[in-house]
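Heads up, the thing below is written out as structure tokens.
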Amino acid sequence: MDKYQQIIHLTDNMQEKLIEQRRDFHRYAEGGWREIRTSSRIARELQELGYQVLVGEAVCRRDARMGVPDADTLAQEYQRAIAQGADPEFAEQMQQGMTGVIAILRCGEGPTVAMRFDIDALGVIEAATAEHRPAAEGFASVNPGFMHACGHDGHAAIGLGVANVLARLRDQLHGTVKLIFQPAEEGVRGAKAIVANGHLDDVQYLLGAHISDKEADDPAVVIPGSYGSLATTKYDVVFHGRSAHAGSSQHLGKNVMPVLATAILNLYAIPHHGDGETRINVGVVHAGSGRNVVADEARMEIEVRGETTELNHYMQEHATRIIAHAAQMYDCRYELQLMGEADSLHSDTELAARIAAVCCEKLQLQPAEVLLNHNSGSEDFSYMMNRVQEMGGQASFMRVLTVTAGPAHNRYFDFDEQVLPNAVKIFCATACNILS
């Protein structure tokens, strides 16, 4: 049998294992920079498959990470991960939020094909009702406040399936396979640190994918590429004033409440740009300590987005200027911390067409009628994609299609697990087509 038939055969035979691994990752959901159990177990399996495995400082550049939890939280997460079955050898190198795994399979002369699989969960409390399959079948998250509500448990299992199949086909490949298991995609925090470590600089072809919803009667299994993902920047803002008695000595205080109000109103008044869509959102606000106390501290979490990277910069510049001026107006100080960032992305049409052809001709899997779909969210795969394209390579961000229960980021989210073998076949067949 040829290598494409081998891919189909090998993947079909591991379907139960893919489902088992997906459910294991789902049960032990870990948020961004906390994925110690997830990363360590991925690393162990990849090493046993014969890959060169990179973990810890070798994956993400420490000072390029964004939105990292505090040291006490990370220490607690490490102890929890060990108690829940993290591999001790690899877990030790992942303390202080140094999570994620990169695996390399060298197969002689030829191009380098990289594939990215994000592995983090969301800060969502999972549904515990009988109609939610993970709860009914016993694989709902056991970690309070964290849930795989966006399919990254599936992405991690798909990545391991791809690793397993390609390791068995090693003698038929010509080039290098690089598998990137990325931490902290939620909040677009992790990809930039991997790019900063140079891992995309030698890549000629890059593939990524996201599990996405479809209608039950839609026969398509994949949209080969995406475009239009919104560039975004996310900040935590803290305003500092001076507290005082609100009745007898108000004049001695510096009240952050009008600072906060001025900032919010003017953030939402940023003019729309004629070149495309822009967004601003103030998502979280905490301020004050009592009704009779002049508030001396206010915190808010904000994000801006733009249809292009340039439009996002326009929003970013307006937002930071408004925050600075609001503080200055009331003689208060402010702090601005970058918590996440992503560029816009556009898949290479040539690579997307190649994926579609491989699906039709080699796998008998039906791609969608559209070659590229418009992605209205934000995705930090853009950093990897744009780096590869800047270096003259090709990249595509696919949508692997399945029926889902509940929308993404919802406490009832779940998906039809047939998407797991379908995605493994698509990744492997495309990589083999390039590395033939």
Discussion item. Just to check your reading of the model, which residue among 289, 226, 249, 243 is among the hydroxyl-bearing types (Ser, Thr, Tyr) and more than 27 Å from residue 334 (Cβ to Cβ)?
Written reply: 226
Discussion item. Among the residues of region 404-417, are any at pLDDT 95 or above, farther than 27 Å from residue 165 by Cα and part of a helix (DSSP H, G or I)?
Written reply: no
Worksheet item: Can you tell me which residues in region 319-335 are surrounded by 14 or more Cβ atoms within 10 Å (Cβ to Cβ) and closer than 17 Å to residue 305 by Cα?
Response: 319, 320, 322, 323
Discussion item. Please count how many residues of region 278-315 are under 20 Å from residue 239 (Cβ atoms), crowded, with 19+ Cβ neighbours inside 10 Å and touching an Asp or Glu at 6+ places or on another chain (Cβ under 6 Å).
Written reply: 0
Worksheet item: Can you find even one residue in region 55-71 that is buried (at least 18 other Cβ atoms within 10 Å of the Cβ), within 27 Å of residue 398 (Cβ to Cβ) and out of contact with any helix residue (DSSP H, G or I) (no Cβ under 8 Å at 6 or more places or on another chain)?
Response: yes
Fill in: Residue within region 30-39 that is surrounded by fewer than 21 Cβ atoms within 10 Å (Cβ to Cβ) and either touching a helix residue (DSSP H, G or I) at 6+ places or on another chain (Cβ under 9 Å) or not polar (S, T, N, Q) (or both) present
no
Worksheet item: Has region 260-272 got at least one residue that is surrounded by fewer than 15 Cβ atoms within 10 Å (Cβ to Cβ), at pLDDT below 95 and under 23 Å from residue 301 (Cα atoms)?
Response: yes
Worksheet item: Where in region 102-197 are there helices (runs of 4 or more DSSP H), lying fully within it, with 3 or more residues that are surrounded by fewer than 19 Cβ atoms within 10 Å (Cβ to Cβ)?
Response: 133-136
Fill in: Residues satisfying the stated conditions in region 198-240, i.e. free of Cβ contacts under 8 Å to residues at least 24 places away in the same chain and either buried (at least 23 other Cβ atoms within 10 Å of the Cβ) or within 30 Å of residue 336 (Cα to Cα) (or both)
198
Item to complete: Working only within region 256-275, note down all residues that are among the small types (Gly, Ala, Ser), free of Cβ contacts under 8 Å to residues at least 60 places away in the same chain and closer than 23 Å to residue 314 by Cβ.
Response: 269, 274
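The values are calculated or read from the model by the stated rules, or taken from the named source; none is laboratory data. As the structure is a computational prediction, the values presented were derived from the model and not from experiment. Please note: Cβ atoms are built from the backbone with ideal geometry, for glycine as well, and neighbour counts cover all protein chains shown.
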